[in-house]
Ligand SMILES: NC(=O)c1ccc[n+]([C@@H]2O[C@H](COP(=O)([O-])OP(=O)(O)OC[C@H]3O[C@@H](n4cnc5c(N)ncnc54)[C@H](OP(=O)(O)O)[C@@H]3O)[C@@H](O)[C@H]2O)c1
């Protein structure tokens, strides 16, 4: 059964009106440790460097040379690599001058790294999806709560002024009653050797990688669904190359989305209501345009220019929470991460998307290559 939740996306005052807000100093410095030197770690480090409250303290990699190169490139003070006795991430976690650990490794290692950081008393910002399943997310949430530490899944889109504005428009009733949401997020993912998206052991596949983005639009507009149906194409690597999900609501409203690692797609989201329609133009994870079309024939375009690469808003929110002593962000609370992971678990169960760690951590193991279209309520 899918748990009911309060409406999502509470606006936070510091994010409300000023698009340059995240670039303004507002309090005590916070010292960051970044685990991994991969693609998103590098992009986020670039945005972190724009925030006056952020100290770029330490970076870790499996390779010491890789960590040192990354540290030099982005201006981190310390670099840790695997040293034969300890992995680089453990050495970073043990650094007494790191306040918060940003976990930017492939999905399958998020749980191990975040768990170790929380056990060592560090706050954690963890890339999406927080873990491979809801059970592991619940373990991390429990550990963070017991230790009084901040924990957040890095769903950066929620903090963008454009997405906050879309949530405001929908909540205002300007679109009437929202009845239908459509979203798609497809891209031909490169197949270079070691590409994590095509590796089952790394948590590859479309649903876990990008499913959270269309789900975010559905949850913004309609909240937690009553039920869902899902079907996937599992490819020869054993990962979902394409997955389709429909969320159904007690009111009869529906949200439908498709995610894909193989196709070029609109990467847009449309929220349709009885009075009007909001289209978030591509890409739906960082829209710079919202187009509104009303039954009256009126249209309106709202445009946005995010600071940095757009991660600044999420990073500023983490700083704000730590400075205020909050252990969760009101805009991305752990209950929402748990809800999303529960929905992803159910979609995986129906669509036959499995990972090697599933039996160990208690997920139902289903044979690969079976699609599903079962209703869960
Ligand atoms: N928020 C966003 O917009 C966004 C965008 C893309 C990805 N992500 C998320 O960020 C995570 C990383 O994605 P990415 O695209 O940056 O991947 P990536 O480019 O493959 O980088 C991942 C890095 O993690 C390290 N690593 C690889 N295997 C590891 C393992 N088994 N244990 C520990 N570390 C390992 C490697 O760094 P070292 O060689 O330095 O160890 C690797 O470069 C994913 O969970 C993804 O969902 C988020």
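The table below gives the values:
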item: Residue ID - farthest from the ligand (Cβ to nearest atom), chosen from residues in segment 97-118 that are in contact with a helix residue (DSSP H, G or I) (Cβ under 7 Å, 6 or more places away or on another chain) and either more than 19 Å from residue 41 (Cβ to Cβ) or part of a helix (DSSP H, G or I) (or both); result: 118
item: Matching residues, segment 36-62, being near the ligand (Cβ under 7 Å from one of its atoms) and in contact with a strand residue (DSSP E or B) (Cβ under 8 Å, 6 or more places away or on another chain); result: 36, 37, 41, 61
item: Every residue from segment 190-208 that is more than 9 Å from the ligand (Cβ to nearest atom), in a loop (DSSP other than H, G, I, E, B) and closer than 17 Å to residue 351 by Cβ; result: 200, 204, 205
item: Filter pass, residue 143 being modelled with pLDDT of 95 or more, under 17 Å from the mean Cα position of the chain (by Cα) and within 28 Å of residue 356 (Cβ to Cβ); result: no
item: Matching option when the condition is more than 16 Å from the ligand (Cβ to nearest atom), surrounded by 19 or more Cβ atoms within 10 Å (Cβ to Cβ) and more than 22 Å from residue 346 (Cα to Cα), among 284, 278; result: 278
item: Candidates 113, 139, 124, 103, filtered to the one that is closer than 28 Å to residue 346 by Cβ and surrounded by fewer than 18 Cβ atoms within 10 Å (Cβ to Cβ); result: 139
item: Wholly within segment 234-327, strands (runs of 3 or more DSSP E) carrying at least 3 residues that are within 30 Å of residue 191 (Cβ to Cβ); result: 240-248, 254-260
item: Test: residue in segment 211-219 that is closer than 30 Å to residue 298 by Cβ, without any contact (Cβ under 8 Å) to a residue 60 or more places away in the chain and more than 16 Å from the ligand (Cβ to nearest atom); result: yes
item: Any hit, segment 353-374, residues being out of contact with any helix residue (DSSP H, G or I) (no Cβ under 9 Å at 6 or more places or on another chain), modelled with pLDDT under 95 and surrounded by 17 or more Cβ atoms within 10 Å (Cβ to Cβ); result: yes
item: Identity of the residue in segment 299-339, surrounded by fewer than 17 Cβ atoms within 10 Å (Cβ to Cβ) and out of contact with any strand residue (DSSP E or B) (no Cβ under 8 Å at 6 or more places or on another chain), that ends up nearest to residue 42 (Cα to Cα); result: 309
item: Any hit, segment 63-84, residues being within 24 Å of the chain's Cα centre (by Cα), without any contact (Cβ under 8 Å) to a residue 40 or more places away in the chain, outside any helix (DSSP H, G or I) and more than 16 Å from the ligand (Cβ to nearest atom); result: no
item: Candidate set from segment 221-237 (those that are surrounded by fewer than 19 Cβ atoms within 10 Å (Cβ to Cβ) and in contact (Cβ under 8 Å) with a residue 60 or more places away in the chain); member that is nearest to residue 271 (Cα to Cα); result: 223
item: Qualifying positions in segment 166-189 - outside any helix (DSSP H, G or I), touching a helix residue (DSSP H, G or I) at 6+ places or on another chain (Cβ under 8 Å) and more than 24 Å from residue 209 (Cα to Cα); result: 175, 178
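Conditions tested, residue by residue: (1) buried (at least 19 other Cβ atoms within 10 Å of the Cβ); (2) over 30 Å from residue 123 (Cα atoms); (3) modelled with pLDDT of 95 or more.
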{"residue": "151", "(1), (2), (3)": "yes, no, yes"}
{"residue": "160", "(1), (2), (3)": "yes, no, no"}
{"residue": "192", "(1), (2), (3)": "no, yes, no"}
{"residue": "257", "(1), (2), (3)": "yes, yes, yes"}
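The values are calculated or read from the model by the stated rules, or taken from the named source; none is laboratory data. Computed from a prediction, not measured in an experiment: that's the story for all the values here. A quick note on method: Cβ atoms are made from the backbone with ideal geometry, for glycine too, and the neighbour counts reach across all protein chains shown.
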